[in-house]
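Throughout, read-outs are computed from the coordinates displayed, never taken from laboratory work. Please read all numbers here as calculations on a predicted model, not as lab measurements. Heads up, the Cβs are rebuilt from the backbone with ideal geometry, glycines too, and the neighbour counts pull from every protein chain shown.
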Amino acid sequence: METNSFAKTYPRFGGKIITAQEPEYETARKVHNGMIDKHPDLIVQCHSAEDVVMAVNYAREHKLLLAVKGGGHNGAGLGMCDRGMVIDMSGMRNVAVNPENSTVLVEGGCTLGDLDTATHAFGMAVPSGINSTTGIGGLTLGGGLGHLTRRCGLTIDNLLEANIVLADGRLVKASATENEDLFWAIRGGGGNFGVVVSFLFRTHPISTVYGGPMFWNMSEAKELMLWYQTFIKQAPDEISGFFAFHQIPPDPNMFPEEFHLETMCGIVWCHAGDPEKAEAFFQEFRRDKKPAIDLVGPLPVPAIQTLFDGLFLPGYQWYWKGDFVKTLTEEVIDIHIKHAWKIPNFFSGMHLYPINGAASRVGKDETAWNYRDATWAMVIAGVDPDANNKDRIVNFSRDYWTELHPFTEGGSYINFMMEEGEDRIKSTYGKNYQRLVEIKGKYDPDNLFRVNQNIKPQVKMTV
């Protein structure tokens, strides 16, 4: 496919068109997960909504396989494709904060770091993820969970409107009063319905939190997990903490050397409430639980969002598996501990992200995101800088997940899924799936947007 074909069709295109013949092609086709090695025919780097309209029209008119890349963090590499065309929005990173009405307008190529930096300057925050390099587009369309979920809800619960380029090339707004069915679908339905070129979020007056990781010896794992389960199910909304199993990274600037490479259990805390109450809570907690490693304290929101960025650099191999989880029985905890001892390196591990609190008080049918009654979204991640260790990290994640899956709720947070098939997607959306199919049929009847956790449109019967 020639670059000048697109350029001749759309001479006013303001971005950049890259083919395999261009020197920047190898860089442009990379995503965060180094395990992904896809070769599109054409990468269209857009700089505006108008550029995206042109790119969508070109893909549709030429019947091209189409992928959409925002931050490029998707574990399954669904921001890239083989052959076909990629719409790359990484150049669309404007953020506009409106402190008067507590909102922020964010372009589709922004990272969480772009968002956090801009809102923090006004003493505000939007609930998002846990790493600043994650793209806001993919995170939001999948639901969006992280440190502030229990206090503020999912990212989609704070989405007020979105500007979307549809499969037919129209640029439309989706909100509670415009294209309401589309607005419902994009809140958890992934990239199935169009290219979101901008998001308008509600912000919250959160500037500093009390947070960070605490770790304990594995001998305390079972008792700690039982305590954590009871606590997080009734904790005040402002207190969150995700449970984790990890080997301690050999970073002397962050962790005491005596614990380097030791397998430990931990909680990564985030108290987003009154600082004095946070200090009192953790003083009592430390007396009671006595962590071996304690790095918890006051942190600006952008700081807690970047705590682990240095561990997970672009290009590492990633393979992850996830599930929604409601209860940790003693049998389940024993399975966790068994596999925790098999964590292959200090990049890999298991996290349980709380999704109760404020997120649980949104109805299951109010957005496409179905598992409002779960307690956690679990992810098991095998990560390694060395491609030679691919089988090792894949087997670790699969084996761990396979033994736990019968005890879970069945579906998974789509941002924690690899390419796992239609049945898995159906189980993730539950009773919301059929409505998503119908909305997909309305806005993308030919399934142009199918490089994603795909919801196939209803097949129209002819007589």
Problem - Whole-angstrom Cα spans of the stretch 341-411 along principal axes, big to small - result: 45, 24, 22
Problem - Span from the the stretch 167-201 Cα centroid across to the the stretch 312-355 one, whole angstrom - result: 32 Å
Completion exercise
Long-range amide H partners of G241, meaning residues 5 or more apart or on another chain whose placed amide H is closer than 5 Å, are C270
Handout entry: Beta bridge orientation in the chain: antiparallel %, DSSP, nearest 5
Key = 90 percent
Handout entry: Charged-residue dipole, Cβ positions (Lys, Arg, Asp, Glu), the stretch 143-240 about Cα centre, Debye nearest 20
Key = 120 debye
Practice task
Among DSSP beta bridges lying fully in the stretch 1-108, give the percent that are antiparallel, nearest 5.
Solution key: 45 percent
Fill in the blank from the handout: Computed for the stretch 401-459: size of charge dipole around the Cα centre, +1 on C-beta of each Lys and Arg, -1 on C-beta of each Asp and Glu, debye to nearest 20, value 300 debye
Practice task
If a/c stays under 1.5 just call it rounded; otherwise compare a/b with b/c (prolate if a/b is bigger, oblate if not). Do that for the stretch 48-110, with a ≥ b ≥ c from the square roots of the Cα gyration tensor eigenvalues.
Solution key: oblate
Practice task
Add +1 for every Lys or Arg and -1 for every Asp or Glu among the other residues with Cβ under 15 Å from the Cβ of S48, and state the total.
Solution key: -1
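How big is the shadow of the Cα convex hull of the stretch 152-253, averaged over all directions, in nm²?
The orientation-averaged projected area of the Cα hull of the stretch 152-253 comes to 10.6 nm².
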Fill in the blank from the handout: In debye to the nearest 20, the charge dipole size for the chain, taken about the Cα centre with +1 at each Lys and Arg Cβ and -1 at each Asp and Glu Cβ, equals 980 debye
Handout entry: Distance histogram for the chain (every C-alpha pair counted, 20 angstrom bins, percent rounded to whole numbers)
Key = 25, 58, 16, 0
Completion exercise
Once Lys and Arg are counted +1 and Asp and Glu -1 for all other residues with Cβ under 15 Å from that of T208, the total becomes -3
Exercise for the section: Show that you can apply the helix-only estimate: for the chain, add -39,500 (n - 2.57) for every DSSP H stretch of four or more residues, divide by all residues, and state [θ] at 222 nm to the nearest 500. Expected result: -8000 deg cm²/dmol
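Checking a compactness column here: for the stretch 24-73, what do you get for Rg(Cα) / (2.2 N^0.38 Å), N being the number of residues?
That ratio works out to 1.20.
Classify the stretch 348-463 as rounded, prolate or oblate from the Cα gyration tensor: take a ≥ b ≥ c as the square roots of its eigenvalues, call it rounded if a/c is under 1.5, otherwise prolate when a/b beats b/c and oblate if not.
Numbers: a/c = 2.52, a/b = 1.42, b/c = 1.77.
Oblate is the answer for the stretch 348-463, as a/c is 1.5 or above yet b/c matches or exceeds a/b.
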Exercise for the section: Within the set of other residues whose C-beta is less than 12 Å from the C-beta of G144, count the net charge using Lys and Arg as +1 and Asp and Glu as -1. Expected result: 0
Completion exercise
Between A292 and K173, the two model label points (7 Å from Cα along the beta-carbon direction) sit apart by a distance in nm of 5.5 nm
Problem - For the stretch 422-437 versus the stretch 1-56, the gap between their alpha-carbon centres in whole angstrom - result: 32 Å
